[in-house]
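Below is one structure, written out as C-alpha cells, with a few remarks after it.
The numbers here are math on the coordinates, done by the rules we state, and not lab data. Since this is a predicted model, take the numbers as computed values, not measurements. No Cβ is skipped: glycine too gets one built from the backbone with ideal geometry, and neighbour counts run over all protein chains shown.
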Amino acid sequence: MLTQLQITSAKPKAKPYRLSDGQGLYLVVQTTGSKLWRFRYRYGGLQKTLHLGPWPTTSLADAREKCRAARKAIAAGVDPVLEKKRAKIESQFAVATSFKEVAIEWVAKCEREGLAEITLGKIRWLLGMAYPMIGSHPINGITPIEALSVLRKIEAKGNYESARRMRSVLSRVFRYGIATARCDRDVAADLRGALTTPKTTHHAAIVDPDEVGILLKTMDGYTGQAVTRMAMRLSPHLIARPGELRQAEWSEIDVAKAIWSIPAERMKMRRPHRVPLSAQVLEMIEELREISGHRRFLFPCLGNPKRPMSENGVNQALRRLGYQTEEMTAHGFRAMAATLLNEMGRWNPDAIERQLAHQEASSVRRAYARGEYWDERVTMMQHWSDYLDELRATATETREPRLVVKKAKGESKAGRSRGRLRK
C-alpha cells in the first residue's frame, strides 16, 4: 500500500508510470509532474478504468474511499464508469432547472428542427404569458394547480382556444424536461378535462357560385397597394394557405414548366408541395414581375422589401372591399375551392385534397395514398381558373366598399395603417 511520503516524493520520468496501492487502485505520475488517481476493475468481462481525481485535491484517504464505493457498486451490479457518465450528463442539465430556462431550450430545439417561424412566434407568445407566474419556479416543483392557474388566467378573458393551446405547449415543455432529466412528470397532461372546450369555428368563406362571381368582380375594383391587389387576385386561383402565398419567392416559380414549388420548411405538414400554374396565373405573375420581380419575394412588405407582406394584408383588403370577418377571409379561398371543386363531381377527391396539401387523417391510408395525381391536378387547376373567370364575367353586380382609405391596414411595414379612415 502507498504511503503519503511515497506519493509526495514521486518524481516525473520520461514516460508516465504507476504507483500501486492495491485492489485496483493506483496513482499515475505524468511526465509533467501531475499525479492522477485511477481504479482498474473488470465489469461484464471487460477491463475498465475509473478516474478518481488528481492528487492532492483527492487525497490518499479520499481515493481509497472512492475505490471502496466503486467496488460496492460493482458487487451490486452497477458499472461505476457508466454511473459517472450518467451523473455528469445530469449535472450538465441540472444547471438550468427553472421552467423558463427549460422552455427556452425546448423552443431552441424546435427552431433547429425547422418549425415555421410563425408557429415559433405563437409558441413564444403563449410561453410569455406563463413566465410571470411559473417562469422562475423549478420545473420539477411545479404542481398541477400552479399550471392550472396559468390557464385559468387566460380563460378568464374568454380566450378558451388560447388556453387550450397553452396547455399543449406547457405539456410539451414538461415532456422535454422529463427527457432531459429536469422533471419527473408532465403535470399539464392532467389538466385536459379542466379547461372549457372552445367552440369549433371555421374560416369564413363564400361558397355560393353567384356570390363568388360578385366577390371576384369586386376584387377587380380594389385600388389599394399593387402588391396586395395581386396577392388577393392570385389567392382564389392558387388556393394555397395565406402564409405560403405571402412568403412565395421568385426562385420557386418555374414559368417554363408552369409550377410553383414550395419547400417543405414552409409547409404546414413539412413536406414539399407543387402547385400547377394555370394560364391565368402565369399572366398575373408576369404582371406582378413588373412590380416585384427585382425582389426576393413576390409580395414584399411595403416598408421593408426584404420581408414578405403582412399576414393580414389580404384580409384587410377584403375588409376594405366591404367583406366582414364573418363573411370572407384569406383562408376562405381554400374552403371555396374545396367546396366547389367537390360539387363539380368530376375530380378525384384525393386529387383535390392533395392540391390543398391536406394530410390524410387515417395513418394507414396515409401510408399507402402517396400518389400526387399530378396530371389530374394540372387539368383541374386550369379548369378552376376558367370557372372563376366565368363566374366573374357573369356577375351582374359588385360589393360597395364600406371604407375609403389612403392605405389598407396591413400594407405598411408594421402591418398597421397610417392612413385615416373616414366614412
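Report the FRET efficiency, 1/(1 + (r/R0)^6), for A87 and M133, where r is their Cβ-Cβ distance and R0 is 30 Å, rounded to 0.05. All intermediate terms of the calculation are to be shown ahead of the outcome.
Numbers: r = 32 Å, r/R0 = 1.08.
With R0 = 30 Å, the Cβ-Cβ based efficiency is 0.40.
Derived scalar couplings between HN and Hα for the stretch 8-22 equal 5, 8, 5, 9, x, 10, 5, 10, x, 9, 10, 10, 7, 10, x Hz in order, rounded to whole Hz, by the Karplus curve 6.51 cos²θ - 1.76 cosθ + 1.60 (θ = phi - 60°), x for Gly and Pro.
What ranking of L288, L340, L277, L82 emerges when the number of other C-beta atoms within 10 Å of each C-beta is taken as an exposure proxy, fewest first?
Details: L288 22, L340 17, L277 25, L82 12.
Ranking L288, L340, L277, L82 by Cβ neighbours within 10 Å, fewest first, gives L82, L340, L288, L277.
Note the listed values (i) 32.4, 107; (ii) 33.4, 109; (iii) 21.7, 74, then indicate which one is Rg and Dmax of the Cα atoms in Å calculated from this particular structure. Structure-derived value, by its label: (i).
Within the stretch 98-122, list the residues whose amide N lies under 12 Å from a label point set 7 Å along Cα→Cβ of E146. The answer is 98-100.
Among W55, W125, W260, sorting on how many other beta-carbon atoms sit within 10 Å of each Cβ, with the fewest leading, yields W125, W55, W260.
About its Cα centre, what dipole magnitude does the chain give when the only charges are +1 on Lys and Arg Cβ and -1 on Asp and Glu Cβ, stated in debye to the nearest 20?
On the way: 72 positive and 46 negative charges, 580 e Å.
Here the chain has a charge dipole of around 2780 debye.
With contacts taken as Cα pairs under 8 Å at a separation of at least 6 residues, the chain carries a relative contact order of 13 percent.
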